[in-house]
Amino acid sequence: MELTDADLIARVLADDDQHAFGELVRRHQSSVRGLLRQLTRTDIALADDLAQETFLRVYKNLGSFRGEAQFSTWLYRIAYNCFREDARKRKELVGVDEEQWQAEQDPHTVDPGLRHDLMHALSLLPLHERTAIVLCCQNGLSHDEAARVLEIPLGTVKTNVLRGREKLKRTLAAWAPN
């Protein structure tokens, strides 16, 4: 019988079980790295560094996980915070409205060329729309879960997803062969 995330967390907290934490990392590392790669506009090295920092913070702060949301929601929040802190250090947020900051595709069935176009079009979106789409459409979070991760109102998440999808449709349609 496979252990749940809650079971693994309990083992880490009770016994400092490194194998249990390793299993949590294995389960979630791909989605965390995928989120961070989208946020960093596919800067793989930076995304990997931020993912490593994310899991270090998760380990240090696992005792503060209250279980009020899914573990993945809490994990994505930490990853998003790591990204934001790094972006601030690199001055990428200069000129960005901080309130705005707060404010579906299956890779196995999508043509590789289309997938590349989609990833490129996604990278062109404003960060707040790109983040909402990646969390909701690629990582499968509900709008409510994404709102918790981003610490913004539910309506803002819905608006960002809607606007981002519309922009993606227009961008991809403009690239379509006649």
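The values are calculated or read from the model by the stated rules, or taken from the named source; none is laboratory data. Please read these numbers as outputs of a predicted model, since none were measured by experiment. Cβ: placed from backbone, ideal geometry, glycine included. Neighbour counts: every protein chain shown.
Structure notes:
- Out of L118, L93, L50, sole residue that is buried (at least 17 other Cβ atoms within 10 Å of the Cβ) and modelled with pLDDT under 85: L118
- Segment 8-61: number of residues that are among the polar types (S, T, N, Q) and under 17 Å from R84 (Cβ atoms): 5
- Of all positions in segment 12-23, none carries a residue that is over 30 Å from L118 (Cβ atoms), aromatic (F, W, Y), modelled with pLDDT of 95 or more and surrounded by fewer than 16 Cβ atoms within 10 Å (Cβ to Cβ).
- Condition check for K169: basic (K, R) and surrounded by fewer than 14 Cβ atoms within 10 Å (Cβ to Cβ): yes
- The residue that is surrounded by the most Cβ atoms within 10 Å (Cβ to Cβ), among those in segment 138-163 that are more than 18 Å from P126 (Cβ to Cβ) and of a type in the set (D, E), is E145.
- Within segment 70-91, residues that are assigned to a helix (DSSP H, G or I) reach partners that are surrounded by fewer than 16 Cβ atoms within 10 Å (Cβ to Cβ) with beta carbons closer than 6 Å, at six or more positions or on different chains, in the pairs I78/R57; A87/L93.
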